[in-house]
1. Based on the alpha carbon coordinates of the range A:370-440, what radius of gyration and maximum Cα-Cα distance (Dmax) apply, in Å?
2. In what order do B:59, A:406, B:278 fall by count of nearby beta-carbon atoms within 10 Å, going from fewest to most?
3. To the nearest Å, what is the center-to-center distance of the range A:1-72 and the range B:18-75, using C-alpha atoms only?
4. For residue A:498, put the label point 7 Å out on the Cα→Cβ axis and report which residues of the range A:451-465 keep their amide N under 18 Å from it.
5. Can you give the calculated 222 nm mean residue ellipticity of chain A, where each DSSP H run of n ≥ 4 adds -39,500 (n - 2.57) and the sum is split over every residue, rounded to the nearest 500 deg cm²/dmol?
6. So how far apart, in nm, are the two label points at residue A:357 and residue A:517 if each is 7 Å from Cα heading toward Cβ?
7. Rounded if a/c is under 1.5, else prolate if a/b beats b/c, else oblate: with a ≥ b ≥ c from the C-alpha gyration tensor eigenvalues square-rooted, which is chain B?
8. Checking the a/c ratio against 1.5 first, then a/b against b/c, what shape does the Cα gyration tensor give for the range A:443-546?
C-alpha cells in the first residue's frame with residue numbers, strides 16, 4: 001500500500017465529525033493499521049466549518065498531511081474549502097451535488113428516513129460506505145461504533161451505507177494484527193496523573209486544557225479521584241497549594257491566559273516549596289488568541305513564570321505515549337524535590353490521537369514523600385542537598401510562609417538567613433538535575449544522518465514522518481527544557497554538519513534557549529499561524545533551506 | 001497536647017497598643033479553652049493568613065500556619081480542608097486583603113459552604129502600606145491618595161455575606177473582648193463556612209475606637225434570615241452621628257458543606273497508593 005493514506009472528514013460543528021473520525025481511526029487500528037487523528041475546529045458549538053484528518057498506514061504514523069486520498073464531506077462547503085487539497089485520484093464520499101468525478105454518492109437522506117434515525121447518523125452511513133469502497137471487513141467498524149455510540153441506529157446506518165456504496169479498490173490489510181493502543185495527549189496526561197496517585201485535580205475550564213478536566217471527571221468513581229472546578233484560575237492554583245500542603249497529591253491545568261493568572265501562585269510555590277504539578281496546554285497567539293488552535297509560544301512563559309528566582313521543572317512531551325511517562329516523572333520530581341513541575345503540552349498534542357504498539361510499565365513507583373509523626377520537625381530544615389523532607393499538619397506542626405523565612409517557617413528579613421534560604425531553594429535543583437540526567441530521557445535522537453533537525457514538544461510527530469524523505473538527517477527531540485540537557489544538545493550540535501531548529505512559534509524560543517545554554521546560534525524554520533507543521537511542509541522547507549532559499 | 005504553647009516566642013512587631021493583639025489574645029484563649037474541653041486538637045488546627053498587618057499573626061503562633069498570598073487565604077484554606085477534612089482551618093484576613101484583592105474568593109467560599117472560618121481584621125484602611133482606603137473605608141476617609149477624602153461608598157460585608165449564603169455571619173468589636181471571644185468560639189465550632197467581621201480600629205491611620213465604642217450595641221441573634229438581612233443594613237460602614245452599629249451573631253444555619261457535597265470520605269495523605277498500571281492501559285487499548 002501507499003506510505004500513508006489521508007482521509008478528511010469535514011462538516012459543520014455539531015455534525016459529529018469528531019466521533020466519526022475517532023471511530024474510523026480506531027477501526028483501522030483494530031485492523032492492524034497505525035492511525036493518527038488531527039482535529040481542526042473553530043470556537044463555535046454549532047455551524048462553521050470543522051474538519052478532522054485521519055492519516056493511516058501499515059507503518060507507524062505520527063502526523064497528518066493536508067493532501068487527501070479520501071474526503072468524506074458532510075456538507076458542500078467541505079468540498080469548496082478543501083478542493084485544492086484533493087490528491088489527483090482522491091475519492092469523495094458524500095451526498096451533495098457535485099461534478100467531481102471520483103465520487104461515491106450516497107443518498108443519506110433516504111437511508112435516514114428509511115430507518116427513522118436522527119440526521120447525525122449520516123456519519124455512520126459514510127463510514128460504512130468507506131469500508132465498502134476499500135473492501136474492508138465491516139464488522140470491525142460495527143464493533144467500534146458499538147463501543148463509542150449509544151444510538152443503535154448507527155449500526156443500521158453503517159450497514160446500509162456499506163450496502164449503498166461500491167468497491168473502488170482493495171486495501172491490503174496489514175499482516176500482523178497485534179493489539180494496539182490508541183489515545184490522545186489529554187488521556188495520556190490523565191492516566192499518568194492517576195498512575196502517580198492523583199487525589200485532586202483543580203481547574204477552571206479553558207481550551208485546550210478542558211478535555212483533561214472532563215476526562216478526569218469521567219474517571220472519578222473508578223479511581224477515587226476528585227475534580228474540583230473553582231471560581232477562577234487564581235483560586236485553582238492557591239487551593240491546589242493548600243491541598244498539597246495538607247498532603248493531597250494535586251495537579252492543576254490550564255492554557256495561556258489562565259496560566260498567567262496562576263503565575264503569582266507559582267511564585268508562592270517557589271517560596272513555600274509545596275509540591276505542585278501543572279498541566280499547561282498551549283493555544284495560539286497572545287491574549288485570547290485562537291483558543292482552538294495550536295502553538296509552542298509559551299515555552300519561555302513556563303520557564304520564567306512567577307516573580308523572584310526559584311527552580312522549576314518544565315517537560316514538553318512529543319506524543320501521547322511520551323506524555324504518559326513524562327507526567328509520571330513530573331509528579332515524582334515535584335513531590336520528591338518540593339518543586340513546581342510544568343507539563344508543557346499544546347492543543348496539537350492534547351487533542352490528536354496516536355497509535356502505539358506497546359506500553360511498558362513505568363519504573364517509577366508511587367510515593368508521596370511525607371514524614372509521619374516526626375519527633376521534631378522544621379519545614380525548611382537545611383540539608384546537604386537542599387531538599388527538606390516534608391510533613392503535613394496532623395503529623396507535625398507545619399509552618400509555611402510566602403515571606404522569606406527561617407528553617408521553621410517564621411518570617412525573616414535577616415540577610416544571612418535570606419541568603420542561606422535562597423541558596424537552599426536553588427541547591428535542591430542541582431540534586432534534581434543529577435537524578436534526572438541519570439535516570440530519565442531528557443532528549444532523544446532519531447535517525448543517523450550527519451545533518452541535524454532540532455525541535456521539542458508536539459512538533460516531533462511531523463518531523464518523524466518527514467525524516468524518511470530527508471536524506472542524511474537525524475532528529476534531536478528535546479523533552480526536558482528545565483533542567484536542560486546541555487551536554488547532549490551541545491554534543492549533537494558539534495557532531496553535525498548542517499543544523500536547523502524547527503518550532504511552532506514566531507520568535508524561535510527553543511533557539512534562544514539553546515543559544516543561552518550552548519552559546520551556539522542555529523538557523524530556524526518557524527510556523528506561527530496556529531496550525532501544526534505537517535511532514536510535507538517540513539520536507540519542503542528543509543529542502544529549500546538546504547538549497548539556501550529559505 | 002495540653003502543654004503546647006500556642007504562642008510562639010517571635011517578637012511582636014505590630015505597633016505598641018495595636019488592636020491586632022486583642023484578636024491574637026482572644027484566639028489563643030479560645031483555642032486553649034476548646035482544647036481543654038476536648039473540642040479541638042491543636043495538632044489539627046491550621047491557621048491561614050493573608051497579607052497585611054493582620055498576616056503577622058501566623059508568626060505569633062506555634063501551631064501549623066500558612067502565610068498565604070495577599071487576598072488568597074480563602075482558596076488556600078479551601079484546598080487544605082479538601083485534602084484533610086479532619087483539620088480545623090481558620091483564616092485571618094484583612095479588609096483590604098479580602099474585600100479588595102480577594103473578594104471573589106470570599107463570595108464563592110460562602111456559597112460553597114466550605115467548612116473554614118474567616119476572621120476579618122477590619123481596620124477600614126490598608127495599614128501596612130501606610131493608610132490608603134479599602135472597600136470598607138467610610139466615605140470621606142482621608143489618605144495620601146485621596147487627601148480630599150474617599151469618594152466612594154463603602155461596601156457592606158455583612159449584607160454581602162448573607163446574600164452569598166454564608167452559613168454563619170457575625171460582627172465583633174475588639175473593645176468588647178469577651179463578646180468577641182464568644183463569637184470566635186461559636187464560629188470555630190460551627191459546621192460550615194463562618195464569617196466574622198471584626199472591627200479593629202487602626203491606632204495609627206484610622207482610629208475609630210471611640211466612634212465605634214459609642215455607636216456599637218450588642219444584638220440577639222435574629223429569628224429569621226429577613227430580619228438578619230435588615231439588621232445587617234442598619235450600619236453602612238460610614239461614620240455618621242446617627243450610625244448604630246449592631247454587633248453579635250446575625251445568622252447561623254446548618255447546611256451541607258463543600259466537602260460533604262464533594263463526597264470526601266478520606267484523608268488523602270493516609271490513602272494507600274498503589275500503581276494501577278495494568279488497569280490503566282486497558283483504558284487505551286484500541
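1. Cα-based Rg and Dmax for the range A:370-440 come out at 13.4, 39 Å.
2. B:278, A:406, B:59
3. 57
4. Under cut-off, by backbone N: A:451-455, A:463-464.
5. Working: 19 runs with 210 residues, N = 550.
Computed ellipticity for chain A at 222 nm equals -11500 deg cm²/dmol.
6. Distance between the two pseudo-spin positions: 2.9 nm.
7. It comes out prolate by the Cα gyration axes.
8. Details: a/c = 1.56, a/b = 1.18, b/c = 1.32.
Oblate.
Quick note: the coordinates plus some simple rules give every number you see, no bench work behind them. Fair warning: this is a prediction, and the values are worked out from it, not measured in the lab. Virtual Cβ from ideal backbone geometry, glycine too; neighbours counted across all protein chains shown.
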